[in-house]
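Reading through the structure tokens given below for one structure.
The values are calculated or read from the model by the stated rules, or taken from the named source; none is laboratory data. These numbers come from a predicted model, not from an experiment. No Cβ is skipped: glycine too gets one built from the backbone with ideal geometry, and neighbour counts run over all protein chains shown. The accessibility values were calculated without ligands, DNA or RNA, using every heavy atom of the protein model including side chains. Shrake-Rupley method; radii C 1.70, N 1.55, O 1.52, S 1.80 Å.
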Amino acid sequence: MLNIVAGRLESPAVSQLLQGHLDDMYATSPPESVHALDISKLQAPDIRFWSAWQGDTLVGCVALKQHSAQMAEIKSMRTAHEARGQGVGRALLQFLLEQAQHSGIRQLYLETGSMNFFLPARTLYQSAGFKFCGPFADYPDDPNSMFMTKVLR
């Protein structure tokens with residue numbers, strides 16, 4: 001059973017998962033195109049972070065960055081390697097969509113890479129109703145980035 005809980009950024013397992021996320025981003029994208037957040041930035045007051053556990057095993061995480069009362073951004077969505085293909089990403093995305101709606105968010109955005117490495121993520125987001133859009137917030141137009149958005153009801 002998947003248990004999604006707020007926080008746990010102090011957990012060594014969370015730290016390791018997020019470091020793996022950053023390592024993959026820097027291995028896949030030029031440094032100026034990496035927009036992933038480290039643990040210190042995930043502790044900002046405008047960010048809510050959740051970790052997903054199966055028993056004592058961390059299987060994923062996701063964060064929500066609030067840009068305004070009605071606009072937010074998905075950050076740090078990650079499924080542990082050993083849990084991929086088991087629906088963890090879809091469960092985290094569904095959880096995040098519900099949290100955003102309950103918080104009054106009306107427009108949700110995300111930035112992801114344009115490389116083939118990111119195709120599974122883009123496919124997941126598209127299956128949940130996200131559409132491609134242009135840059136938002138303070139993101140530059142970058143050929144290594146793709147931007148997506150979803151209007152929430």
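Side notes on the structure shown:
- Full-extension gain in nm, F136 to E32, via 0.36 nm per residue minus C-alpha separation: 35.8 nm
- On the principal axes of its alpha carbon atoms, the chain extends 40, 36, 29 Å, with the longest extent given first.
- Residues in the chain average 51 Å² of solvent-accessible surface per residue, probe 1.4 Å, ligands and nucleic acids excluded.
- Percent accessible area from carbon and sulfur atoms, the chain, protein chains only, probe 1.4 Å: 51
- Cβ charges +1 (Lys, Arg) and -1 (Asp, Glu), total dipole of the chain, debye: 600
- Pairwise centroid distance, computed over Cα atoms, of the stretch 84-153 with the stretch 25-69, Å: 13
- If only the Cβ of Lys and Arg carry +1 and only the Cβ of Asp and Glu carry -1, the dipole of the stretch 48-122 around its Cα centre is close to 160 debye.
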